Amino acid sequence: MSSEKFHYNYEIVPVPGREHVQKNFATLPSRAEQYSGRQLSLNERFSIIERGYVLEPVKSGKKREPHKFDVQMPEAHITQNVDELIKSIRDEKSNTKKKTTTKRD
């Protein structure tokens with residue numbers, strides 16, 4: 001998985017029923033670009049909410065490629081490892097038999 005971080009573009013939308021607070025921060029929606037394309041702190045998010053607005057992510061026109069995963073069944077690895085282990089044990093046994101038979105001669 002890549003270490004690339006995903007950042008969103010936002011628009012600042014007024015919350016219905018909070019008009020009395022929004023009148024003091026009328027220019028806040030025009031500063032949405034200031035909050036887009038970077039990671040936002042909780043303080044920034046809550047200060048926008050306290051002012052009667054909410055951040056909404058803007059959907060981009062391009063679609064993201066779905067992630068492709070190379071999934072291998074673990075049973076295949078286990079079977080392969082067991083086969084290799086059995087082969088190595090047989091080889092060791094045959095080598096020790098050869099060594100013991102040659103020592104007797």
Take Pro16 and decide whether it is modelled with pLDDT of 80 or more and in a helix (DSSP H, G or I). no
If I go through the stretch 34-53 residue by residue, how many of them are without any contact (Cβ under 8 Å) to a residue 40 or more places away in the chain and outside any loop (DSSP other than H, G, I, E, B)? 11
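For the stretch 57-74, indicate whether the set of residues that are in a helix (DSSP H, G or I), modelled with pLDDT under 65 and out of contact with any strand residue (DSSP E or B) (no Cβ under 8 Å at 6 or more places or on another chain) is non-empty. Give the steps one after another, and end with the answer.
Just the residues of the stretch 57-74 that are in a helix (DSSP H, G or I), to begin with: 74.
Still in the list and also modelled with pLDDT under 65: 74.
Now drop any that are not out of contact with any strand residue (DSSP E or B) (no Cβ under 8 Å at 6 or more places or on another chain), which leaves 74.
Yes, there is a match, as at least one residue in the stretch 57-74 is in a helix (DSSP H, G or I), modelled with pLDDT under 65 and out of contact with any strand residue (DSSP E or B) (no Cβ under 8 Å at 6 or more places or on another chain).
The values are calculated or read from the model by the stated rules, or taken from the named source; none is laboratory data. Here the structure is a predicted model, which is why all the values come from computation and not from measurement. Using ideal geometry, Cβ is built from the backbone for each residue, glycine included, and neighbour counts are taken over all protein chains shown.
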